[in-house]
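Report on the following structure.
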């Protein structure tokens, strides 16, 4: 069939100009993506610069690095001597491809290269355990002579009577390396509830989010488990959670996603009976995404992934414009005039633009980016519908007009909403929302990891005494000495909290790098120890007196251990994540990692401790990110409310006393969603709010077209198709096991169904109710 007459189309040169814009966008986007998508996943990037706390961000990133790049396995089997090497071989055998891991530690020989004695040799006189300090302070060190003498003649010890006759460094190192992990039969392991588990620690060769790395690791473990069904395998590491999420997403894409796509295609083909029409309806979507993505990257330099999720769902509104045009054209045929449809299309666009562009006034840069992305996407889709679709040769089936007429006849009702009854119901629903509705932005609520994997993670972390850096103290100081002194001053109150059960333990640099004043005091203690006690030790051992002078001479060449030197030692490498170095505002900073912190009441004493100390801040990473999500959700709601107020005023100028009919579908559907959540006890979060934005956008379009084209079968068909296709695309996500998608989909499922129902009850009767 030929395109529509010229009277129904926009000038052809505008269509060509719009095509040139797309070519420019494609070229620009290709250039911008030459090194990959410059994406930003930081929630703090959504906040103003003065709220982003870069030092906290740096600390959190450093603490999370070791958890991201490594994984831990605990293996129990009837025959560990054969099972553990088999598992190690499965993890390291690459079958001719690149290695899966950078390193795998599971034998006691894997730790030989990590002996720190040589690196700390000259600092040994400044590093004393609390027990040795107390002994020297109590009796000058006389009580240390007997154990030192025993060590000198022990067949398993290797003391040096000149370098360290009292074994100061060995005692200091033993205190720092002792733990639950012990070697047995050449393998590293741990005892849990009377059972022996062998320990394997892997360092990833790729990102934990890399699909190839996930696939190879999970396949290797699955193959091992199949060969050793009696074995018990406990896992800990980000890669396992990422792999579980990826597998879940893959399953849902093949079920929910494929089902939604097939359903959408089936509905549109059933109504319009043409694959060409189907492709034409999807064209504005691609056009809007291209313009939005290119423009956002040019304006902001990077794209926040939350912006992409936000904008992609809102651009789902864009198909409304194409559905309305094609529905009216399919029924009117050559009598169709674009001019008659333009007011509704334009008002639908303006209403969405006002609602979302109001958010560009917010001080939050991330929210501005989200608003610009959505607005440009809608504008691009609208222009494609107006400038391109009228020029396309699209077949029109008479079945479409028959379906529209039949559908309009079947859905006529004698039930109609009146302002009075609507007001009463709205007041009741608002009261219920105020009474029962609550929000929960906790990241734990959005976790998609299986319960079994989370339980394994807890067991491994608890028994190994490890941490993921979730809870920590951020400590600042004017210089390194002041910082170390401030860290050391925290030991006593933290030890007290550990005895009270508030925490299981803590780790900081001052445990291993004492403040310079303490190091000097330790050296002074050793000088006392190397007087009469040393002479007595050598005499009892029958060693020459000259060794004492040689030993004392070494004390004069003992420098102060600093943080940089410690971090370069084999033991210090593990603590590099605690050191932040210089801060943007001067001074230096470090973190104190807290283990075993119970969420809720257990955090109170830690907050009180931080507030009572200068330069100390308590950080709960999960709570902080949850707070940022909540703040983002609140700002979206506030600025969207402002946009709706402005929009309501503008719509009143056109529709006068009928304005309530236009606003009821979007606002009423939103209130129905909130009431449903309140009744069911479902918390409101940022992802359900993104779903509400989609409901508002589609509801506004439906309300406007219902008012612009009352009693027209084409308008009612387009409204029904819009809500149905959006239900298929977004509402089916309610059945997703991924919490974020579930909340988004559940909101759309309830809200879009409510939009259709409200428009159905608002449709004018035979005489066109105007009230």
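The values are calculated or read from the model by the stated rules, or taken from the named source; none is laboratory data. Small disclaimer: the values here were computed from a predicted structure and weren't measured. Positions of Cβ are generated from backbone atoms using ideal geometry, with glycine treated the same way; all protein chains shown enter the neighbour counts.
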Margin query: Against the condition within 18 Å of residue 633 (Cβ to Cβ) and either assigned to a helix (DSSP H, G or I) or in contact (Cβ under 8 Å) with a residue 12 or more places away in the chain (or both), how does residue 747 come out, does it pass?
Written below: yes
Next item on the list: Might you let me know whether segment 659-681 holds any residue that is crowded, with 19+ Cβ neighbours inside 10 Å, modelled with pLDDT under 90 and touching a strand residue (DSSP E or B) at 6+ places or on another chain (Cβ under 9 Å)?
Entry: no
Margin query: So residue 628 ticks every box in (1) surrounded by 16 or more Cβ atoms within 10 Å (Cβ to Cβ); (2) at pLDDT 85 or above; (3) under 30 Å from residue 483 (Cβ atoms) but one. Which box is left unticked?
Written below: (2)
Margin query: I'd like to know if segment 718-740 contains one or more residues that are assigned to a loop (DSSP other than H, G, I, E, B) and within 26 Å of residue 402 (Cβ to Cβ).
Written below: no
Notebook entry, point to check: Wholly within segment 575-687, which strands (runs of 3 or more DSSP E) include no fewer than the required count, namely at least 3 residues that are in contact with a helix residue (DSSP H, G or I) (Cβ under 6 Å, 6 or more places away or on another chain) and over 25 Å from residue 761 (Cβ atoms)?
Noted result: 588-595, 616-620
Note to self: For segment 144-154, check the following and say yes or no: at least one residue is over 51 Å from the mean Cα position of the chain (by Cα), at pLDDT 80 or above and closer than 21 Å to residue 556 by Cβ.
What the structure shows: no
Next item on the list: Scan (1) more than 28 Å from residue 668 (Cα to Cα); (2) outside any helix (DSSP H, G or I) for the single condition residue 366 breaks and write down its number.
Entry: (2)
Item checked: residue 596 being touching a strand residue (DSSP E or B) at 6+ places or on another chain (Cβ under 9 Å) and surrounded by fewer than 15 Cβ atoms within 10 Å (Cβ to Cβ) -> no
Check: Can you spot a residue in segment 689-710 that is part of a helix (DSSP H, G or I), free of Cβ contacts under 8 Å to residues at least 24 places away in the same chain and either in contact with a helix residue (DSSP H, G or I) (Cβ under 9 Å, 6 or more places away or on another chain) or not assigned by TED's automatic domain parsing to the domain that holds residue 356 (or both)?
Finding: no
Next item on the list: Report, ordered by the first and then the second residue, all pairs with beta carbons closer than 7 Å, sequence separation of six or more or different chains, a first member in segment 658-685 that is touching a residue at least 40 places away in the same chain (Cβ under 8 Å), and a second member that is surrounded by 20 or more Cβ atoms within 10 Å (Cβ to Cβ) and part of a loop (DSSP other than H, G, I, E, B).
Entry: 685/441
Checklist line | Residue among 428, 349, 357 that alone is within 39 Å of the chain's Cα centre (by Cα), part of a helix (DSSP H, G or I) and surrounded by fewer than 14 Cβ atoms within 10 Å (Cβ to Cβ) | finding: 428
